[in-house]
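In what follows, a structure is listed as structure tokens, so that the remarks can point back to it.
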Amino acid sequence: MLFRSAALYASGIDNLLVEIDGAEVPIMDGSSAPFIAAIDRAGLVAQKSPRRYLRVLKPVRVEKDGKFSELVPFARGFRLTVEIDFPTALIGRQKKTLDLTPESFRDELQHARTFGFLKDVDHLRKAGFALGASLENTVAIDADVILNPEGLRRSEEHTS
């Protein structure tokens, strides 16, 4: 859902009511691109009320089980730093920092899909998650092998 809600940011939308007739948001091709394209086709309607913003004035950190998320002040917009570390050579530790704007999201991230491990599929599906996941919309990993016949679609899906 993260990349699909990021499609709203990439389209400049900050006030929207979404009604879904189903158990989960359609996964489409696994990226934000189809959602951004649909929003672009539909167009936007400006509202008369001024936008309200939150400003991060001091660091805010949430930590659990050695993992954390943190907001820190940044004077020039929104800088995102994301780091992952998986015990597989295919992914390992990766870090990306991006000054996030609608344009940078569209240029660098909108086509990236999520990934998942084959060993987790049964557990996720029994819990009601990843019901629409397939090799057409998810980068599937088994140990240190990408299972998708076509491999990765774009450089944003890189694993190093």
Name the one entry in Pro26, Pro102, Pro59 that is open to solvent by less than 50 Å² (accessible area, probe 1.4 Å) and touching a residue at least 12 places away in the same chain (Cβ under 8 Å).
Pro102
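Please specify each residue of segment 29-55 satisfying the condition of being surrounded by 10 or more Cβ atoms within 10 Å (Cβ to Cβ) and among the hydrophobic types (A, V, I, L, M, F, W, C). So that I can check it myself, show each step before the final result.
Keep residues of segment 29-55 that are surrounded by 10 or more Cβ atoms within 10 Å (Cβ to Cβ), which gives 29-40, 44.
Matches in segment 29-55: Ala33, Phe35, Ile36, Ala37, Ala38, Ile39, Leu44.
For segment 148-157, indicate whether the set of residues that are among the hydrophobic types (A, V, I, L, M, F, W, C), under 26 Å from Ile39 (Cα atoms) and modelled with pLDDT of 90 or more is non-empty. Outline the logic, then answer.
Within segment 148-157, the first condition is being among the hydrophobic types (A, V, I, L, M, F, W, C), and the residues that meet it are 152.
Narrowing the set further to residues that are under 26 Å from Ile39 (Cα atoms) leaves 152.
In the following step, the residues that additionally are modelled with pLDDT of 90 or more were identified as none.
No, segment 148-157 contains no residue that is among the hydrophobic types (A, V, I, L, M, F, W, C), under 26 Å from Ile39 (Cα atoms) and modelled with pLDDT of 90 or more.
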Can you find a residue in segment 88-108 that is within 19 Å of the chain's Cα centre (by Cα) and closer than 19 Å to Leu147 by Cβ?
yes
Hits in segment 1-17 - residues which are open to solvent by 90 Å² or more (accessible area, probe 1.4 Å) and not in a helix (DSSP H, G or I):
Met1, Asp14, Asn15, Leu16, Leu17
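Counting only residues that are in contact with a helix residue (DSSP H, G or I) (Cβ under 8 Å, 6 or more places away or on another chain), give me the strands (runs of 3 or more DSSP E) lying completely in segment 82-160 with at least 3 of them.
Numbers: elements: 93-99, 115-117, 139-142.
It comes to 139-142.
This table checks each residue for (1) within 28 Å of Ala140 (Cβ to Cβ); (2) touching a strand residue (DSSP E or B) at 6+ places or on another chain (Cβ under 9 Å).
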| residue | (1), (2) |
| --- | --- |
| Asn15 | no, no |
| Ile20 | yes, no |
| Ser32 | yes, no |
| Ile36 | yes, no |
| Glu63 | no, yes |
| Arg79 | no, yes |
| Arg93 | yes, yes |
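The values are calculated or read from the model by the stated rules, or taken from the named source; none is laboratory data. From a predicted model like this one, the values you see are computed outputs, not experimental measurements. For neighbour counting, all protein chains shown are included, and Cβ atoms are generated from backbone atoms with ideal geometry for every residue, glycine included. Heads up: the accessible areas ignore ligands, DNA and RNA and are worked out on the full protein's heavy atoms, side chains in. Shrake-Rupley method; radii C 1.70, N 1.55, O 1.52, S 1.80 Å.
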